[in-house]
């Protein structure tokens, strides 16, 4: 019986160890694929990001480096087009909207 109770005590520890490093989709987007320079110059996008992050708009950077998947979403460009452009060098696009993943990248940038 004591062996069984000890194994139950190990369960939370094992779950914590196995769960370490699991990321949310927004965090996972920070780590993969070719990168694109996303310009954040549209005033509506700047204001939306600042409001979502509860910071002054002057704290938002004019650009962030993002994975193709994030850039395609916020710039309104097909991911395949950005991927091909990013093969030779880092491509650039202008954000037309925001997303949780872009907000996470901006927050990471301003938190440094």
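The numbers here are math on the coordinates, done by the rules we state, and not lab data. This structure is a prediction, so every number in the text was calculated from the model and none was measured. As a convention, Cβ positions derive from the backbone with ideal geometry for all residues, glycine included, and neighbour counts pool all protein chains shown.
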Cα-projected label distance for residue 89 with residue 47, points at 7 Å along beta-carbon direction, nm: 3.5 nm
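Which of the peptides 91-99, 38-46 is most tightly packed, and how do the rest follow, going by the mean number of other Cβ atoms within 10 Å of each residue?
Order by mean packing, descending: 91-99, 38-46.
Starting from the Cα gyration tensor of the range 24-110, multiply each eigenvalue by 5, take the square root, and state the resulting semi-axes largest first in whole Å.
Over the Cα atoms of the range 24-110, the semi-axes work out to 21, 13, 10 Å.
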